[in-house]
Amino acid sequence: MWAFFAVENYLSVDLGFLGIYPRTLYGLIGILTGPMIHGSWMHITSNTLPLLFLGGALYYFYDKIATRVFLQCYLFTGIFVWLFGRPFYHVGASGLIYGLAFFLISFGIFRKDFKSLFISIVVVALYGGIIYGIFPSQPGVSWESHLMGAIVGVTTAFTLSKVRSVSSS
């Protein structure tokens, strides 16, 4: 993310065209690149800390399934935004953040073990307000990325909740 942002700023170019533009052939590249593109300092900084915290928690507590969860949240969120999003460039990592947050919250609910429930409670305490982001509120903010990320996160949690071993500890 920061490398893309540095290139944008250093070369004074707008890489927004690498975002997801729904239902267009050229918008498909955004499924891979859209989460890397950010429109401002505020945008990238507001995505960095949650991504580090939620990604760190995912890889620390659920190392055996973490890469699968991360990739599913990254790719499927982008695919669903491409299929169902409004026709504009969707950029930023917030869809991935919503996917990870909703995975961590719902995994504890589906799994019903102490560790997973505790992680769910911590994530709700820190990021519970993100629920409001899945509703349209501000023009130019991709609530579709938030909603699709949340759906992918919950679905991923449900499908992986029966996996016997999710961490090496």
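The values are calculated or read from the model by the stated rules, or taken from the named source; none is laboratory data. In this text the structure is predicted, and so the values were computed from the model without any measurement. We place every Cβ from the backbone using ideal geometry, glycine too, and count neighbours over all the protein chains shown. For the accessible areas, the whole protein counts, side chains as well, though only heavy atoms, and no ligand, DNA or RNA atoms are used. Shrake-Rupley method; radii C 1.70, N 1.55, O 1.52, S 1.80 Å.
Of note:
Listed here are the residues, each with its yes/no results for (1) touching a residue at least 24 places away in the same chain (Cβ under 8 Å); (2) touching a Leu at 6+ places or on another chain (Cβ under 9 Å).
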residue	(1), (2)
Leu96	yes, yes
Ala101	yes, yes
Ser106	yes, no
Asp113	no, no
Gly133	yes, yes
Gln138	no, no
Glu144	yes, no
Ala157	yes, yes
Ser165	yes, no
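- For segment 144-168, filtered to residues that are open to solvent by 50 Å² or more (accessible area, probe 1.4 Å) and touching a Phe, Trp or Tyr at 6+ places or on another chain (Cβ under 6 Å), the residue that is farthest from Gly34 (Cα to Cα) is Phe158.
- Summed over segment 115-132, residues that are farther than 17 Å from Val163 by Cβ and either of a type in the set (A, V, I, L, M, F, W, C) or not in a helix (DSSP H, G or I) (or both) total 9.
- If the condition is being within 26 Å of Ser40 (Cα to Cα), of a type in the set (S, T, N, Q) and open to solvent by less than 70 Å² (accessible area, probe 1.4 Å), then segment 116-143 contributes only Ser142.
- Tabulated pairs, segment 26-45, first under 19 Å from Leu100 (Cα atoms) and touching a residue at least 40 places away in the same chain (Cβ under 8 Å), second in a helix (DSSP H, G or I) and among the hydroxyl-bearing types (Ser, Thr, Tyr), C-beta under 8 angstrom, 6+ apart or interchain: Pro35/Tyr74
- A single entry from Tyr59, Tyr98 fulfils the requirement of being closer than 23 Å to Phe118 by Cβ, in contact with a helix residue (DSSP H, G or I) (Cβ under 6 Å, 6 or more places away or on another chain) and surrounded by fewer than 24 Cβ atoms within 10 Å (Cβ to Cβ): Tyr59.
- When we screen Arg23, Arg68 for residues that are basic (Lys, Arg) and under 27 Å from Ser116 (Cβ atoms), the only hit is Arg68.
- Residue within segment 63-83 that is over 18 Å from Glu144 (Cβ atoms), open to solvent by less than 20 Å² (accessible area, probe 1.4 Å) and in contact with a Phe, Trp or Tyr (Cβ under 6 Å, 6 or more places away or on another chain) present: yes
- Being of a type in the set (Lys, Arg) and at pLDDT below 95 is not true of Lys64.
- Enumeration of residues in segment 1-22 that are more than 20 Å from the chain's Cα centre (by Cα) and either among the small types (Gly, Ala, Ser) or open to solvent by 60 Å² or more (accessible area, probe 1.4 Å) (or both): Ala6, Val7, Asn9, Tyr10, Leu11, Ser12, Val13, Asp14
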